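Nothing in this text is a laboratory measurement; each read-out follows from the coordinates by a stated rule. Since this is a predicted model, take the numbers as computed values, not measurements. Virtual Cβ from ideal backbone geometry, glycine too; neighbours counted across all protein chains shown.
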């Protein structure tokens with residue numbers, strides 16, 4: 001009896017500790033890209049429904065915020081709509097993190113205007129001139145007159161960085177650009193202001209159909225005008241597209257690795273399509 005009692009007493013706290021450890025081991029945090037928030041949330045909901053003992057916490061804040069969190073070891077997974085910079089990778093290496101990159105989906109960036117705007121397409125050069133301030137009035141690209149209300153994401157956003165690198169060719173945004181805290185803010189502003197122009201992830205544009213107009217984009221003046229869609233992003237004919245990433249650190253916890261693998265699975269990639277993004281598989 002004494003031995004049995006000792007074993008019971010000895011196992012009690014250990015069992016509680018093990019249970020707490022097991023619960024923590026099945027908890028995953030994902031932080032980063034606002035472009036990816038509703039996609040990652042959809043993944044998380046499906047994942048937890050299939051695994052009721054798991055917990056996935058998803059927050060946005062921008063790709064830069066997520067990368068910083070990964071480097072500071074305050075998130076298990078960073079969701080990023082841009083590639084980590086060499087400096088960020090080096091910082092990770094110095095901290096022993098060695099970030100591991102996984103492309104989990106693809107996205108097209110849609111250029112949106114108010115539904116009443118008669119314009120239907122822009123060239124990449126026109127878009128650059130609007131966003132750098134070389135053009136200041138809609139009359140320079142269409143029959144509408146009125147000063148552009150240029151909407152952009154904040155500098156911590158991976159979409160901001162991607163747009164600057166690939167559309168503005170690393171030139172500065174116009175000082176008149178309004179930096180918005182979230183993609184939803186851009187959609188709301190474009191929906192209510194007839195002179196606004198903004199850019200959002202394809203999934204958000206699909207979700208906002210009828211409330212905003214998505215423009216076709218021409219690679220150059222002689223190229224065909226292409227609308228963003230799963231097919232045009234996948235085949236590369238749409239000019240403004242990009243991969244979407246998960247970054248994890250060295251010694252990634254099994255639960256985080258399991259979540260990444262779920263996102264790449266057939267079920268996970270089906271969610272990508274349903275959310276308005278482009279599957280990688």
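Assorted remarks:
- Mean separation of Cα contacts under 8 Å (6+ apart) over length of the range 28-127, as relative contact order %: 27
- Label zone at residue 237 (point 7 Å along Cα-to-Cβ), backbone N below 18 Å, the range 244-281: 278-279
- Cβ-derived FRET efficiency at R0 41 Å, residue 27 paired with residue 169, nearest 0.05: 0.45
- Computed over the chain, relative contact order equals 27 percent, with contacts defined as Cα pairs under 8 Å that lie 6+ residues apart.
- Rounded to 5, percent antiparallel among DSSP beta bridges of the chain: 60
- For the range 136-171, the residues whose backbone nitrogen is under 17 Å from a point 7 Å from the Cα of residue 178, taken along Cα to Cβ, are 136-138, 146-155.
- GNM top mover of 109, 97, 186 - the chain, alpha-carbon springs below 10 Å: 97
- C-alpha center-to-center spacing [the range 118-132, the range 229-281] in angstrom: 29
- Per-pair calculated FRET efficiency, R0 = 25 Å: residue 211 and residue 270 via Cβ, rounded to 0.05: 0.45
- Virtual spin-label span in nm between residue 85 and residue 120, 7 Å along Cα→Cβ: 4.1
- When each of the peptides 164-173, 127-136, 34-43 is scored by the mean number of other C-beta atoms lying within 10 Å of its residues, the order from highest to lowest reads 34-43, 127-136, 164-173.
- Here the gap between residue 50 and residue 136, fully extended at 0.36 nm per residue and compared with their Cα-Cα distance, gives a gain of 25.8 nm.
- The modelled label-to-label distance between residue 227 and residue 41, using points 7 Å beyond Cα along the C-beta direction, is 2.6 nm.
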